[in-house]
Amino acid sequence: MINQLKPLIGKLCTFAKDRMGFKYPPKLFLKKDAENSQLALGRTAHYNPDEKSITLFVSNRHPKDILRSFAHELVHHTQNLRGDLNPEKMANMTKNYAQDNEHMRNMEKEAYLKGNMCFRDWEDSLDNKELFTIKLAESMHLKEKNKMTTKVTKKFLRETIRKILAEELNSVEEEQMTIGDMAK
């Protein structure tokens with residue numbers, strides 16, 4: 001799944017950069033954590049303002065959910081670059097910072113609203129989403145040097161894509177990559 005997700009992350013980041021106005025993308029870590037994925041309220045993502053990095057937890061998650069988390073964290077990256085996540089402004093960071101710290105509550109409100117709306121607008125801007133997914137899967141997994149030896153039907157493609165996504169999701173430990181690598 002990660003190979004199919006990378007170009008989508010890159011395209012979403014480019015869209016978000018234009019929308020949110022940040023100058024450069026964050027570092028990105030994709031983390032496989034099977035134990036976390038079994039928790040009903042496990043972690044989905046987090047932003048590290050000191051490293052200017054996003055970590056996305058990818059085990060047993062729907063790709064759209066991962067992308068939505070990415071958009072949310074890109075808002076935090078934007079907040080950090082404009083100075084809203086400076087230690088002076090963040091002040092008392094407790095476990096319940098989103099409830100106890102008015103400034104950080106407002107930062108979370110902004111990330112939920114702008115991140116989700118950015119994701120929605122980006123997704124709606126894609127032309128035929130199913131065709132995009134199929135073309136992506138074809139280009140990455142179904143190319144052969146000569147002719148295809150198997151008749152490609154929608155059912156065959158869907159089954160192949162599901163199989164590949166499941167295999168890729170299970171094969172990723174933690175991987176750092178640049179957003180530019182994903183947009184290719």
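Quick look at the numbers
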| quantity | calculated |
| --- | --- |
| Protection proxy ranking of 118-125, 153-160 - average other beta-carbon atoms within 10 Å, highest first | 118-125, 153-160 |
| Geometric extent, Cα atoms of the range 26-104 - Rg, Dmax (angstrom) | 13.5, 37 |
| Semi-axes of the equivalent ellipsoid for the range 76-125, Cα gyration tensor, largest first, Å | 24, 13, 6 |
| Per principal axis, descending, Cα span of the range 34-78 in whole Å | 30, 20, 13 |
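A short reminder: the numbers here are calculations on the coordinates, not readings from a lab. Since we're looking at a predicted model, the values are computed, not measured. Counting neighbours? That spans all protein chains shown, and the Cβs are built from the backbone with ideal geometry, glycine included.
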